[in-house]
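Engineer: This is the structure I have questions about; it appears just below.
Only the coordinates and a few stated rules stand behind these numbers; no lab work does. Quick caveat, the model's predicted, so the values are computed rather than measured. Here the Cβ is made from the backbone with ideal geometry for all residues, glycine too, and neighbour counts use every protein chain on show.
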Amino acid sequence: MTRYGMLINTKKCVGCYACRIACQMVNGLDHEEAFIKFDEVEQGAYPNVYAEVVPVQCMHCEDAPCEAVCPTHATYTTDSGVVLVDEGKCIGCKYCMAACPYGVRVQIEKTGVIEKCRFCWYEGQPGNPPRCVNTCVSGARIFGDLDDPESEICQEIARTNAQPLASDLTAAKIYYVR
Amino acid sequence: MQKRANYVRALGALFALWGADYPAAYEGAQAAAVDGLAAPAPPSAAVRRRLEDEVLTLGALAATLPVESLYKPWASMSGGDGDGPAQFGAARNLLLGDSAQHMRALYDGLELEVPPAYEAMPDHVALLTEVACLYAEAGNGEAVRALLADHLDWLGAYEDALATRLATLGARPLPVAQHHDELTAALAHGRELTGALTRAIHNLSQSLR
Amino acid sequence: MQEKEALMRCNPTRRTFLKGTAATAALAAVGTCSVATWQAERAEAAGAKTQGASLCNGCSSKCGLVATTLDGRLWTVEGMEEHPYSKGTLCGRGHGTAQWAYSDGRLTQPMKRAEDGSFAPISWDDAFAEIGAKVQEILAEAGPEALAIVQDPRPSGKYYSKRFMNALGSANVYTHAAACNLSKESGIQEATGASNYSVDFPNTKMVVFIGRSYGDGIRPSSVKSLAGAADKGARVVIVDPRLNNTGIFATDWVPIKPGTDIALLLGIANVLVTNDLYDHEFIEQFTVGFPEFAAQVAEYTPAWAEGICDVPADTIVELAEALAAAAPACAIEPSWRAAFGCAYQNSFETARAVCAVNALLGCWGQKGGALITSSPKAGDVDPVKFPKVPEPAVKRVGDAEFPLALSGTGTNLAVLNGCNDGTVQGVFFYNSNAVQGYAQPAKWREALAKAKLVVTIDVQMSETALVSDYVLPECTVLERMELPEFIGGKKHYVALRTPVIDRVHPETKPCDEIFVGLAEACGVGQYFPFTIEELADAQLATVGTSLDAVREAGIVELADPGFEFGTPTFKTPTEKFQFTSAKVAEAGLNPVIGYVPRLVEPAAGEFSLIGGKQGIHSHTMTLNLEALNAISREYQLERLWMAASDAAELGIADGDTVELSSSEASGRVAVKVTERLKPGVLFLPTHYGSTSPYLTRAQGFGLNMMDFIPLHLEPAVGSTMSQEVAVTVRKVED
């Protein structure tokens, strides 16, 4: 069974925002609407400081709380584990925004629909790869099938012991090397 | 319908660049006014000049163009095969959006040519109102209704843009201080024109019910 | 106005804008296409998707990109896989600047400035005619040496601007280098005979960055190379008052006092020489002046260095020993602008010191070390079709006063000086916002106001355009073709900018057409009897390919230059690596690589001010771009960075507004309180503080660092000394 996920290596992210803009372009988003947001982390005291940038987007959780609360089933998950929004069913009630613990659901001004990262889903497939992965200048992102042990993503998760961002807050499918 | 459409067109034409001939354009609007609606009075030459040079010209200092693409999402192509929608394009404040593309398609079908000055703005209000009037002259009420609904529903956003430009004018120093008053008056007049056009469009669409 | 002709036709109250006789049947037809129907139909037809190749114009890397259009409109861009700088990826500027074509902030027609400073549109014909007349006047009264052009090199621009100026008889062609990397390249040139080099990241064991941040001034391939080296366990040392965005790859952060990198480098050199840790073979066989250098370096002990740069002596010793152990698979990275491209009085010498340390380590040309590679260029083309322009008789203004400035770039500040003393009377700017970014803006404005003619070619009404007599609008990069761009390195390539979308504004032109028009109007049109396609094809033929081939592929690899590891040929007058340089002596400076202090020492209560880049912006060019501006605002990227301990002492909290002041300017901005900065130093990103009211999203947003910098020119080199300033800061109480 195909089960799509992503790995983000924050030890390689230079905080260039290219992923955010590429995502906006391919998804037709307004300049202030973004599916990818960034947390800046600074630890320690001068001169022993560690700083990193953590990109955050829809985790495509296997137990997606946004899907659970959606009154019209506009939010749904494909067989391959990608959480999508059926624009036609969304009534803009924003329950999903409240339910998402990562705060990554975004209301689109032009349609009122509450959208989020869709792994560049088009014509039955995710992006090959999604645009954020495609543009990352440092190769910090990997996309692939979590159920394929030979895949690059599975091997990298194993090699780096990558974990979801917030331990088991949700069954998130984006793994972070921290 | 025709008379009301005529008035809409005459008001839309006031957003074009007339130079010294502008009084004739305002006379035309006044002559075309219907149903007790009051056409805007012509402003002074200095204010009209400021409006044309600084507000209604692309790339000018206070450029706030009545071009539909700037106030609508740039592209909204919902494709997909039932597994979820896909949307393409980029965002607001960009020219040659879907509205412009659709107007081009309409002009092609109607065998109309966009003059070079409007190359980047086939969805300029002057052109949109002209097409509405052409449909009305041909007796095509349905087409007029569609055009008003599809392409002339953004004037509120345009007026807001003019108001914002007006509000921020004081905060940002202009190269020439004495133009400030003229520009303020020009932007206010622009809003007046927009208001008149909005009312005329509303009047026209009411009559089509 | 163009409108008038169309409107003059008939009864003014029945004006028609749309031309042609509308098909009455079509007008009357019911069921005419509504927008929704049209969109649905288009969605089904899946739109006409096409792809085209170009080179990004977000910065001077000019990464290869592939643009995808839908129904003729830009949809997405991505990095070109085969291009050595993008390698299939693009930074934020690539995506942001691609959308420039549709921006509402563009110039759409030529503009002429009136007496009172306001602008009105003017036709191309009139603009060319008036500029031509003015140029003829200047030529007659003062000669061609009174004309100059300043440009940030791009494939077409660098060719046409030089040809235009030379055709007029003037040698005054300058790049932006005086505000970028002039000191660094001039210094490296003096020491090695090459103006630049690169680090062999795939094989390096240790690399030291002096100020340069790959994570902020992004070239995708550089970031990848460094990531690869870090993955392999290379030691990556960042010497910078700020822990910059490359810090994620670093093993060491060495905070240093601004402008004192030279002391650190000489301290390292001292350790290498004193403890006999240097490469004897390289020194003996391939260098001149080592005995003088060694004698001088004896006084630059780690303790001495610590006193100047504030890096502990132990650290200096450890770094030197670690480098020696890693040698020759190690290097001091050459940098670009950052700490010694143009920043201090000692920048040229710092560049030489960087080279000296590499020499001591014996890493020139070695695996994992400092590599000097070659670049391809077009061969000679048919002199009949492409007439040769005679060499200008008079030397370039500024060359005599700044003999150490790289000859390929000169110093554009000679233009500023020239306008002031009347030597220069007519100035052209292409792809250059000199007024805002190259030196104290007030000084630029003062100088240009004295010129008889200032012409700027740009896509937006920049600060430089704002003080010009004529502003000529270029179309954006995705709308135009440019001459072939040759790319050097271990492999050679040639790439091309091709138009991917139709011209959005019909009254904008690509720079080749603009320069041809200017040339014709100025009476030198006979040097431009060819089209850009003809020239491109001819140039490409000289390197064994063709315009069609490169258009098709976007990028073509050229003949293998046969790079080999090993000590390179040093193309210096002595044909060796130069620890001493006669040319430097002739310029009145110490010929032996040695210590030069920075000019400005902040006093008690004052701060140093350093600048730097952010990954989404490019100098003063991009702030008004919708997508990039939105990010700056959301993440408050305009903020001044202040060290936490300084902030605590001054009672300033994160997000407070402060007033920053220097001898030249005062301005208010929010503060980012951070541990990532050496106390006593303030950091300001150098993209903000636009003063052009035409750049509505950029005007007044943040501060422009250059506003605070007094005008100084580095002796004999002419760089802008961009960080020679001491500032004060105080909290603003509301």
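Engineer: R0 = 22 Å: FRET efficiency of C:Gln285 with C:Lys367, Cβ-based, nearest 0.05?
Structural biologist: Plugging the Cβ-Cβ distance into 1/(1 + (r/R0)^6) gives 0.75.
Engineer: Taking beta carbons within 10 Å but only from partner chains, what does the mean come to for residues B:130-143?
Structural biologist: 4
Engineer: Separation between the C:Glu520 and A:Asp63 pseudo-spin-labels, each 7 Å from Cα along Cα→Cβ, expressed in nm?
Structural biologist: Going by the 7 Å Cα→Cβ label model, 7.4 nm.
Engineer: Let me ask something else. Treating the beta-carbon of each Lys and Arg as +1 and of each Asp and Glu as -1, no other charges, what is the dipole magnitude of region B:99-142 about its Cα centre, to the nearest 20 debye?
Structural biologist: Roughly 100 debye, rounded to the nearest 20.
Engineer: Taking loop as defined by DSSP and a crowding limit of 14 other beta carbons within 10 Å, which trypsin sites (Lys or Arg not before Pro) in region C:164-242 fit? Show your work: numbers first, answer last.
Structural biologist: Values: sites: C:Lys184, C:Lys205, C:Arg212, C:Lys224, C:Lys232, C:Arg235, C:Arg242; in loops: C:Lys205, C:Arg212, C:Lys232.
Loop-located and lightly packed - C:Lys232.
Engineer: Set Lys and Arg Cβ to +1 and Asp and Glu Cβ to -1, take the dipole of chain A about its Cα centre, and tell me which of A:Val177, A:Pro129, A:Gly92 lies farthest positive.
Structural biologist: Going by the charge dipole, the pick is A:Val177.
Engineer: Can you sort C:Ser183, C:Ser161 by how many other beta carbons sit within 10 Å, fewest first?
Structural biologist: C:Ser161, C:Ser183
Engineer: Using DSSP to define loop residues, name the chymotrypsin sites (Phe, Trp or Tyr not before Pro) in region C:86-159 whose beta-carbon has at most 12 other beta-carbon atoms within 10 Å.
Structural biologist: When the chymotrypsin sites (Phe, Trp or Tyr not before Pro) of region C:86-159 are filtered for loop state and at most 12 Cβ neighbours within 10 Å, nothing remains.
Engineer: Under a Cβ-only charge scheme (Lys and Arg +1, Asp and Glu -1), can you give me the dipole magnitude of the protein assembly as shown about the Cα centre, in debye to the nearest 20?
Structural biologist: 880 debye
Engineer: Give the relative contact order (percent, whole number) for region C:607-711; include only Cα pairs under 8 Å separated by 6+ residues.
Structural biologist: 36 percent
Engineer: Give the value in nm², to one decimal: projected area of the alpha carbon convex hull of the protein assembly as shown, averaged over all directions.
Structural biologist: The number I arrive at for the protein assembly as shown is 44.3 nm².
Engineer: Between C:Thr657 and C:Lys450, what is 0.36 nm times their sequence separation minus the Cα-Cα distance? Round to one decimal in nm.
Structural biologist: Once the chain is fully extended between C:Thr657 and C:Lys450, it gains 70.8 nm.
Engineer: If the viscosity is 0.692 mPa s and the temperature 37 °C, what translational diffusion coefficient in µm²/s does Stokes-Einstein give for region C:607-711 when Rh comes from Kirkwood over Cα pairs?
Structural biologist: For these conditions, the coefficient is 234 µm²/s.
Engineer: Report the calculated FRET efficiency for C:Ser123 and A:Thr2 (r = Cβ-Cβ distance, R0 = 45 Å), to the nearest 0.05.
Structural biologist: Values: r = 61 Å, r/R0 = 1.35.
Once rounded, the FRET efficiency stands at 0.15.
Engineer: A follow-up question, please. With each pseudo-label sitting 7 Å past Cα toward Cβ, what's the C:Ser645-C:Asp276 distance in nm, one decimal?
Structural biologist: 4.0 nm
Engineer: Test of understanding: in a Gaussian network model of chain B with alpha carbons linked when under 10 Å, which of B:Leu148, B:Leu56, B:Leu94 would top the mean-square fluctuation ranking?
Structural biologist: B:Leu94
Engineer: Counting Lys and Arg as +1 and Asp and Glu as -1, what is the net charge of the other residues whose Cβ lies under 12 Å from the Cβ of C:Phe528?
Structural biologist: -2
Engineer: Given the pairs A:Lys11/A:Lys37; C:Lys158/C:Lys672; C:Lys87/C:Lys377; C:Lys583/C:Lys678, which are separated by over 28 angstrom at their Cα positions? If you can, show how the numbers build up before the last one.
Structural biologist: Numbers: A:Lys11/A:Lys37 17 Å; C:Lys158/C:Lys672 39 Å; C:Lys87/C:Lys377 22 Å; C:Lys583/C:Lys678 37 Å.
Too far apart for the 28 Å limit: C:Lys158/C:Lys672; C:Lys583/C:Lys678.
Engineer: Given the alpha-carbon gyration tensor of region C:336-467, what are the semi-axes of its equivalent ellipsoid in whole angstrom, ordered largest first, with each equal to the square root of 5 times an eigenvalue?
Structural biologist: Largest first, region C:336-467 gives 32, 24, 16 Å.
Engineer: Can I ask one more? Less than 12 Å apart at the alpha-carbon level, and either on another chain or at least 8 residues along: which aspartates and glutamates does that give for C:Lys443?
Structural biologist: C:Glu664, C:Asp707
Engineer: In whole Hz, what ³J(HN,Hα) sequence does region B:119-125 give by Karplus (6.51, -1.76, 1.60; θ = phi - 60°), x for Gly and Pro?
Structural biologist: Calculated HN-Hα couplings, in order: 3, 8, 9, x, 10, 6, 4 Hz.
Engineer: Which whole-angstrom value gives the distance between the alpha carbon centres of region C:578-651 and region C:287-306?
Structural biologist: Here the two parts' Cα centres lie 27 Å apart.
Engineer: Moving to a separate point now. What lysines does C:Lys19 reach when the alpha-carbon gap must be under 18 Å and sequence neighbours fewer than 8 apart in one chain are set aside?
Structural biologist: Of all the lysines, those that pass the test against C:Lys19 - Cα under 18 Å, at least 8 places apart if same chain - are C:Lys4.
Engineer: Suppose every K and R has +1 on its Cβ and every D and E has -1 on its Cβ; what is the size of the dipole of chain B about the Cα centre, in Debye to the nearest 20?
Structural biologist: Dipole about the Cα centre, nearest 20: 580 debye.
Engineer: What per residue convex hull volume, in Å³, comes out for region A:4-177 when only alpha-carbon positions are used?
Structural biologist: On the way: hull volume 22.1 nm³, N = 174.
Measuring per residue, one finds 127 Å³ for the Cα hull of region A:4-177.
Engineer: In sequence order, what are the phi-derived ³J(HN,Hα) couplings for region C:185-197 according to the Karplus relation 6.51 cos²θ - 1.76 cosθ + 1.60 with θ = phi - 60°, rounded to whole Hz, with x for glycine and proline?
Structural biologist: Here the 3J(HN,Hα) series is 6, 5, x, 5, 4, 4, 7, 10, x, 10, 8, 7, 8 Hz.
Engineer: Putting +1 on Lys and Arg Cβ atoms and -1 on Asp and Glu Cβ atoms, find which of C:Val681, C:Val357, C:Ala338 reaches farthest to the positive end of the dipole of chain C.
Structural biologist: Positive-end residue among those listed: C:Ala338.
Engineer: Kirkwood hydrodynamic radius of region B:2-207 from all distinct Cα pairs, in Å?
Structural biologist: It is 17.9 Å.
Engineer: Okay, moving on. Students often get this wrong: which residues of region C:496-539 have the backbone nitrogen under 14 Å from the point 7 angstrom along Cα-to-C-beta of C:Ala549?
Structural biologist: Output list for this probe position: C:496, C:537-539.
Engineer: Based only on Cα atoms, what mean projected area does the convex hull of chain C have, in nm²?
Structural biologist: Taking a quarter of the hull surface, the average projection is 36.0 nm².
Engineer: Same structure, new question: Relative contact order of chain C, please, whole-number percent, based on alpha carbon pairs below 8 angstrom and at least 6 residues apart.
Structural biologist: 18 percent
Engineer: Can you give the FRET efficiency for C:Ala670 and B:Asp153, using 1/(1 + (r/R0)^6), R0 = 45 Å, r = Cβ-Cβ distance, to the nearest 0.05?
Structural biologist: Here the calculated transfer efficiency is 0.70.
Engineer: Where in region C:530-593 are there trypsin sites (Lys or Arg not before Pro) that are in a DSSP coil and have at most 13 other Cβ atoms within 10 angstrom of their Cβ?
Structural biologist: Listed in order of number, the matching sites are C:Lys571.
Engineer: While we're looking at this one, here's another question. Choose one of C:Pro255, C:Phe119, C:Ile188: the residue whose Cα lies farthest towards the positive end of the charge dipole of the protein assembly as shown (beta-carbon charges +1 Lys, Arg; -1 Asp, Glu; about the Cα centre).
Structural biologist: Looking along the dipole axis, the top candidate is C:Phe119.
Engineer: Further, regarding this structure: Looking only at GluC sites (Glu not before Pro) in DSSP loops with at most 11 other Cβ atoms within 10 Å, what is the longest site-free stretch of chain C?
Structural biologist: Segment C:300-563 is the longest.
Engineer: Something else: Quick one: C:Leu625, A:Leu169, fewest Cβ neighbours within 10 Å first, how do they rank?
Structural biologist: Details: C:Leu625 28, A:Leu169 13.
So the ranking, lowest neighbour count to highest, is A:Leu169, C:Leu625.
Engineer: In whole Hz and in residue order, list the ³J(HN,Hα) couplings for region C:357-372 that follow from phi through the Karplus curve 6.51 cos²θ - 1.76 cosθ + 1.60, θ = phi - 60°; x for Gly and Pro.
Structural biologist: Each residue of region C:357-372 in turn: 4, 4, 5, 4, 6, x, 9, 5, x, 8, 4, x, x, 9, 10, 9 Hz.
Engineer: Also, I was wondering about something else. Between C:Glu733 and A:Lys110, what is the spin-label point distance in nm, taking each point 7 Å from the Cα along the Cα→C-beta axis?
Structural biologist: A separation of 5.0 nm, rounded to one decimal place.
Engineer: Which entries of A:Lys12/C:Lys162; C:Lys49/C:Lys385; C:Lys62/C:Lys232; A:Lys110/C:Lys731; A:Lys12/C:Lys731; C:Lys49/C:Lys490 have Cα-Cα distances beyond 32 Å here?
Structural biologist: Among A:Lys12/C:Lys162; C:Lys49/C:Lys385; C:Lys62/C:Lys232; A:Lys110/C:Lys731; A:Lys12/C:Lys731; C:Lys49/C:Lys490, the Cα-Cα distance tops 32 Å for A:Lys12/C:Lys162; C:Lys49/C:Lys385; A:Lys110/C:Lys731; A:Lys12/C:Lys731; C:Lys49/C:Lys490.
Engineer: Taking the Cβ of each residue in C:Arg639, B:Arg191 as the centre, tally the other Cβ atoms inside 10 Å and list the residues starting with the fewest.
Structural biologist: Listed from fewest to most nearby Cβ atoms, that is B:Arg191, C:Arg639.
Engineer: Counting only C-alpha contacts under 8 Å and six or more residues apart, can you give the relative contact order of region C:87-202 as a whole percent?
Structural biologist: Relative contact order of region C:87-202: 13 percent.
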